[in-house]
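The structure appears below as structure tokens.
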Amino acid sequence: VHAMAADLPEGFTRAGEDGGAADQQAAMEEQLETIMSSILTPEAKDRLARVSLVRKEKAQALKMELVKQAQSGQLRERVTEEKLIEMLEETGKKTSTRVSIQRRKYFDDEDEDEDDSDLM
């Protein structure tokens, strides 16, 4: 392995040699998927997968909320697709963004005149 590492520039590693952080992240994701499979119906799991394609942060937040509810015993049964949609709508209400456009006046009405002679 060390002979192959010598072929690489300093600071570079071959795929899989770093291991630590990547393996830990993969293990956490696998554990999260196992938990999701146990608390979601297949339809709800598919819905959450589709949501994560579009809104990764929203899906991740919902997963964490589901895990928290499962650990605290708030989930009495598996979460259905309908319940998941309700939860998504609730989080949508909490995080809805509003865009407000304010137009600025650059000229006062008093300064405007019909006479353009001052421009020459």
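No value in this document is a laboratory result; all are computed from the given coordinates. Keep in mind the model is a prediction, meaning the values are calculated, not measured. Virtual Cβ from ideal backbone geometry, glycine too; neighbours counted across all protein chains shown.
Quick notes on this one:
- The phi-based Karplus calculation (6.51 cos²θ - 1.76 cosθ + 1.60; θ = phi - 60°) puts the 3J(HN,Hα) values of the stretch 65-74 at 5, 5, 5, 4, 5, 5, 5, 8, x, 6 Hz, whole numbers, x for Gly and Pro.
- Amide proton proximity set for residue 79, modelled H, under 5 Å, gap of 5+: 40, 41
- Estimated FRET transfer efficiency (residue 22, residue 58; beta-carbon r; R0 25 Å; 0.05): 0.50
- Distance (nanometres) between label positions extended 7 Å along Cα→Cβ at residue 29 and residue 102: 4.3 nm
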